[in-house]
Amino acid sequence: MGGELRVRRASAVLTSVLVLGTTGLRPVSATTSLAWQRCAHAPAPYECARIPVPNDYRRPSSGQRTLSVIRLPARDPASRVGTLVVNPGGPGNSGVRYLPIAAGGQLSTVAERFDLVSFDPRGVGESGPVRCIDDGSRDAAAVRTNPFPTLRDLPGLVQHAVRTAAGCAYESGGDLPLLTTAYAARDLDTIRSALGAEQISYLGFSYGTYLGATYSSLFPHRLRAMALDGAVDPVQTARDPLGKDIEQARGFENGLRRFFHHCDETPAECSLTGDAERRFHGLLATVRRKPLAAPSGDPARPVNAYVLVTGVQAALYARQSWPFLGLALAQAEAGDGSLLQLASDVFRGRSADGSYEQWPDAFLAITAADRDYPSSVAAFVLAAQRAAATAPTFGPLNVYSSLPAGLLRVNPAEDFEGPFTWQSSGPPALVIGTLHDTATPYRGAKAMTVQLGQAVLLSFDGDGHTAYGRGSACVDRAVTAYLIDLAIPAPNTMCGYDSPVVASFSSFAGR
């Protein structure tokens, strides 16, 4: 009874102090040009610039904010096709930090023919980063959070969500209504104009597919080509985010089962052999009773069940990480949780010095502005119960991690929820879906294809999150040919792992 009363009081406090923003919009045109300079964090030939954009597109004369943009000029300028804007996902991931890494690997082929451009969306990285809670509070939450919460854990979960939401409102409250994906799409068109391009090509991963679908819907004639990899269902993302969280948890649960099967069928490639699922659940039960030491990591932070589950989740973002995951779990069975701690830290954005990256705060702020989460704690309790039925390892934690977004009541400046369309006079959009995608399940790619109308689905029979540059030469050829030559894959094309999967630890910790 006391816990229920505390929940009610917390909800009432948030209702009274965290209602932010208004609605309405007026169009604006951009005449800015970009002054390219040497980048502080990337060597030549990368170029960086700051671009002013309206702080609020409803009132463009009321002030500006600046965004950070990065460009890599085409390596073969004589054969240059145009500009390819890339968004790495999130929301909250820095495009400015991503591009120098990806251009040497994942994007190396298209870098020959395109000027590659990326940017930090508003509220992210070097573009007016939002803040919500301090590093110490994040560390404390990792100690307290039970990934398999019961009703007895609910007051603590709500208390943390209240503090997080209140921190966002206090630190960045006036900015939150302006952090929508619709405004990010308008910023993207301002960048396009500043580049002097009538049209751009676009490549978006994960959340970047939502941004791409929003941009194509608001600016239908400004895209030459659009490839969306790891696509979400855009309508579900906007209108049923709890359903999306549950579906994502099922994706990770399926990925974990496939990892177990891989370990049992190919013991030479996995350190967790011999009934891997049984061994995992035995380890989890042990850790729930007594956390593990991390002698090769940070010994002051024992590895509890929360760290174990989030560490496993991090490794399920990429098929290439499965050997790492097997080794991490086998070492944990022997009492050493160091590798799981490392993986969990990557997943949560924690650096070795104890500081946290900014993207978790940006993820929360943009999600709260974009998605119609319920403000009722009871709705999250029911959703967590639904999630536990089909995704017992990841479901409740995935649902409750969104509770701060539900309690942070944001009235977005522009609440675009569709219709999501592709109306280019050129080729159809290309949607890429991975059959066993953990973070954006394959159904999302099919839904995106249908909703865009003029779109072709390229399927990848693989694991992990996204497909381009993930070990399929078939996918890589098809996406590259589409972007460069506007070549459309044959209907119902299904690609597989037709090149060796190289083991590494890789995680797209954004969603």
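The values are calculated or read from the model by the stated rules, or taken from the named source; none is laboratory data. In this text, all values refer to a predicted model and were calculated from it rather than measured experimentally. Here the Cβ positions follow ideal geometry from the backbone for every residue, glycine too, while neighbour counts run over all protein chains shown. Each accessible area value is taken on the protein alone, full model and side chains, heavy atoms only, with ligands, DNA and RNA left out. Shrake-Rupley method; radii C 1.70, N 1.55, O 1.52, S 1.80 Å.
Some notes on this structure:
- Qualifying residue in the stretch 102-119 (condition: open to solvent by 10 Å² or more (accessible area, probe 1.4 Å), under 20 Å from the mean Cα position of the chain (by Cα) and either modelled with pLDDT of 95 or more or farther than 30 Å from Gly471 by Cβ (or both)): no
- Single match in Gly418, Gly462, Gly469 (criterion: part of a loop (DSSP other than H, G, I, E, B), among the small types (Gly, Ala, Ser), in contact with a Leu (Cβ under 9 Å, 6 or more places away or on another chain) and more than 20 Å from Leu364 (Cα to Cα)): Gly469
- Residue within the stretch 34-56 that is modelled with pLDDT of 95 or more, among the hydroxyl-bearing types (Ser, Thr, Tyr), open to solvent by less than 70 Å² (accessible area, probe 1.4 Å) and over 30 Å from Thr150 (Cβ atoms) present: yes
- Residue in the stretch 301-308 that is closer than 23 Å to His160 by Cα and surrounded by fewer than 18 Cβ atoms within 10 Å (Cβ to Cβ) present: yes
- Considering Arg288, Arg257, Arg278, the condition of being open to solvent by 10 Å² or more (accessible area, probe 1.4 Å), without any contact (Cβ under 8 Å) to a residue 12 or more places away in the chain and part of a helix (DSSP H, G or I) is satisfied by Arg278 alone.
- Selection from the stretch 127-144 of residues that are open to solvent by 30 Å² or more (accessible area, probe 1.4 Å) and out of contact with any Cys (no Cβ under 9 Å at 6 or more places or on another chain): Gly128, Pro129, Asp134, Asp135, Gly136, Ser137, Arg138, Asp139, Ala140, Val143, Arg144
- Residue in the stretch 426-433 that is in contact with a Pro (Cβ under 7 Å, 6 or more places away or on another chain) and either in contact (Cβ under 8 Å) with a residue 40 or more places away in the chain or open to solvent by 10 Å² or more (accessible area, probe 1.4 Å) (or both) present: no
- Qualifying residue in the stretch 437-457 (condition: farther than 25 Å from Arg224 by Cα, outside any loop (DSSP other than H, G, I, E, B) and open to solvent by 30 Å² or more (accessible area, probe 1.4 Å)): yes
- Checked against the criterion of being open to solvent by 10 Å² or more (accessible area, probe 1.4 Å), modelled with pLDDT of 95 or more and farther than 17 Å from Gln451 by Cα, the stretch 224-234 has at least one qualifying residue.
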